[in-house]
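The values are calculated or read from the model by the stated rules, or taken from the named source; none is laboratory data. What you are looking at is a predicted structure, and each value in this text was computed from that prediction instead of being measured. Quick reminder, even Gly has a Cβ in these numbers, built from the backbone with ideal geometry, and neighbours come from all protein chains shown.
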Amino acid sequence: MGEVSLRFLGSGDALGSGGRFQACLYLRSGTTRLLVDCGASSLVAMKRFGVDPSLVQTILLSHLHGDHFGGVPFFIMDARYASGREKPLTVAGPPGLEARIFEAMEVLYPGSGRTENAFDLRFVELPEETTTTISSVSVTPYDVVHHSGAPAYALRIALDGKVLAYSGDTEWTDALIPASRGADLFVCECNFFESGGGSHLDYQTLMEHREELDCRRLILTHMNEGMLSRLPDLEVEGAEDGKIVVL
């Protein structure tokens with residue numbers, strides 16, 4: 001088994017807080033390359049940090065908000081017209097992802113959703129609390145609390161003996177406990193410092209539940225300006241664009 005590493009290509013929120021790219025994690029081990037979420041700025045982030053899009057085999061989506069899936073249309077366009085992709089690409093996520101992606105493509109570039117690809121493009125809908133294996137990766141989604149017009153998931157991803165847990169976007173929910181249990185790394189959103197924002201986690205609530213999260217390492221992501229300003233004074237690890245973590 002090879003070393004499993006994670007790179008934060010995008011650790012920001014929807015509004016560009018801190019000048020960060022939107023949500024995008026790059027997970028790799030041996031010959032396996034995948035993205036976890038692909039926000040609208042992700043193709044730019046990939047090229048900023050020297051990640052070749054043509055090597056990515058799978059894109060896993062936590063939910064269908066633009067800062068988490070909005071980069072997929074651009075990724076597909078790049079595969080068609082820039083990288084000359086021939087290898088298959090699998091995009092997996094909540095039910096309804098294929099229709100939402102093609103609707104977005106039609107809005108951005110009319111006719112692009114009906115254009116044929118030189119590569120096989122496969123969509124996989126992930127059922128809740130059921131493990132799906134895609135190539136060498138196993139992913140188990142857990143339903144969380146975040147309204148996006150489709151189910152929103154936390155993802156538990158197993159690759160080469162390591163486990164990455166990812167909250168996606170959510171308020172506190174007990175579903176995060178089994179999603180993160182025993183994980184080598186739990187990447188958890190923390191949009192606010194104080195409670196009251198709704199639809200997202202806040203630092204105070206997360207710390208109240210910290211002992212329930214049985215993970216080896218916790219890194220916070222998707223932080224707003226207020227949370228980012230407080231981060232240096234908190235006893236917690238924060239993500240930043242370009243940061244590399246070995247699981």
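Restricting attention to region 19-47, the residues that are under 20 Å from HIS222 (Cα atoms) and either touching a helix residue (DSSP H, G or I) at 6+ places or on another chain (Cβ under 9 Å) or surrounded by fewer than 23 Cβ atoms within 10 Å (Cβ to Cβ) (or both) add up to 17. May I ask you to verify whether THR115 is surrounded by fewer than 17 Cβ atoms within 10 Å (Cβ to Cβ) and more than 14 Å from ILE59 (Cα to Cα)? Against the criterion (surrounded by fewer than 17 Cβ atoms within 10 Å (Cβ to Cβ) and more than 14 Å from ILE59 (Cα to Cα)), THR115 qualifies. Can you find a residue that is under 17 Å from VAL36 (Cα atoms), part of a loop (DSSP other than H, G, I, E, B) and under 14 Å from the mean Cα position of the chain (by Cα) anywhere in region 120-130? No: zero hits. Of a type in the set (Val, Ile, Thr), over 29 Å from SER199 (Cα atoms) and buried (at least 23 other Cβ atoms within 10 Å of the Cβ): does that describe ILE76? Taking the combined requirement at face value, the residue satisfies it. If you scan region 127-169, which residues turn out to be free of Cβ contacts under 8 Å to residues at least 40 places away in the same chain, over 23 Å from ASP214 (Cβ atoms) and not β-branched (Val, Ile, Thr)? Across region 127-169, the qualifying residue is only PRO127. When we screen GLU129, GLU235, GLU211 for residues that are closer than 23 Å to ARG100 by Cα and not hydroxyl-bearing (Ser, Thr, Tyr), the only hit is GLU129. Every test in (1) under 20 Å from the mean Cα position of the chain (by Cα); (2) farther than 21 Å from GLY10 by Cβ is passed by HIS209 save one, and that test is (1).
Being within 30 Å of GLY226 (Cα to Cα) and under 16 Å from the mean Cα position of the chain (by Cα) is a property that LEU15 lacks. Only a single criterion out of (1) over 24 Å from SER29 (Cβ atoms); (2) over 17 Å from the mean Cα position of the chain (by Cα); (3) acidic (Asp, Glu); (4) modelled with pLDDT of 95 or more is not satisfied by ASP160, namely (1). Without any contact (Cβ under 8 Å) to a residue 12 or more places away in the chain, surrounded by 16 or more Cβ atoms within 10 Å (Cβ to Cβ) and either under 23 Å from ALA14 (Cβ atoms) or over 16 Å from the mean Cα position of the chain (by Cα) (or both), is that true of LEU176? When the stated conditions are applied, LEU176 does not pass them.
Of all the listed residues (ARG100, ARG85, ARG80), the sole one being farther than 21 Å from GLY168 by Cα and assigned to a helix (DSSP H, G or I) is ARG80. If you go through region 212-221 one residue at a time, do you hit one that is more than 20 Å from the chain's Cα centre (by Cα) and surrounded by fewer than 15 Cβ atoms within 10 Å (Cβ to Cβ)? Yes, some residue in region 212-221 is more than 20 Å from the chain's Cα centre (by Cα) and surrounded by fewer than 15 Cβ atoms within 10 Å (Cβ to Cβ). Among the numbered conditions (1) part of a strand (DSSP E or B); (2) touching a Leu at 6+ places or on another chain (Cβ under 7 Å); (3) closer than 21 Å to ILE134 by Cβ, the only one that MET46 does not meet is (1). Checked against the criterion of being at pLDDT 95 or above, loosely packed, with under 15 Cβ neighbours inside 10 Å and in a loop (DSSP other than H, G, I, E, B), the candidates GLY196, GLY182, GLY168, GLY149 yield just one match: GLY182. Scanning region 88-138 for residues that are in contact with a Phe, Trp or Tyr (Cβ under 6 Å, 6 or more places away or on another chain) and at pLDDT below 95 yields one hit, GLY113.
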